[in-house]
1. Once phi is turned into θ = phi - 60°, what whole-Hz ³J(HN,Hα) does the Karplus curve with 6.51, -1.76 and 1.60 give for every residue of the range 90-97, x standing for Gly and Pro?
2. Along the charge dipole of the range 9-76, which of LEU53, SER68, ASN18 sits closest to the positive end, that is, farthest toward it, with unit charges on the beta carbon of Lys, Arg, Asp and Glu (+1, +1, -1, -1)?
Amino acid sequence: MKILYSNGDSWSFGTDLNPESRDDNRCSAILSDKMNMVDFNVATSGASNDRILRTTLRDICLIKDGKSIWSEGTGDIAVNIEDLYVVIGFSSPTRFEYYNKELNQWKQMRHDVEDSWGFKPGDRDYDDKLLKDRFGSLQGMYSKWLSNVVSLDHILTSLNVRHLFFNAFYPMDDKIEKVVEELQEIDDITSKRT
């Protein structure tokens, strides 16, 4: 059985679609239908790229170990790695996650820097400012986003898993060169310290 494995944020999940017909009308359903594959969608609204990477790697490891993977739409499903096609809609680099030990759960956060949705600091009930500030430099967020993309591409390529990545909603076209330049500057500065 061929599986179209989709992960991402609200764009991949289909949040703006009618909930009663979402499973049939979101892009992964249409694509899987055209490709004669099962739609296996584990995207969720508000997902960070950290969550997208973590859950995709979790499922790839389960598949490699011969175990079933689960989604709300399919329930448990067994799949062979060679029957997998992965489609990832990467989210905003300003979103991140951390593990909250007291709550025993992963928490999705968004730094309020350059928020294109118009949220202002304090609009959302997100833990504390210190945590956001530690993870909150734009250079750090872009660096982590780039690491997530490159890492997942490398892992899937090394396993011969066909895959397609797309930028779900964060406008990066005019920022990529600037991001690379800033990351090179950071590397230059930090390498002088060691």
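Each value in this text was obtained by applying a stated rule to the coordinates, not by laboratory testing. Quick caveat: nothing in here was measured; it's all calculated off a predicted structure. Note that each Cβ is placed from the backbone with ideal geometry, even for glycine, and that neighbours are counted across all protein chains shown.
1. 5, 9, 5, x, 7, 9, 8, 9
2. Comparing the listed Cα positions along the dipole, LEU53 ranks first.
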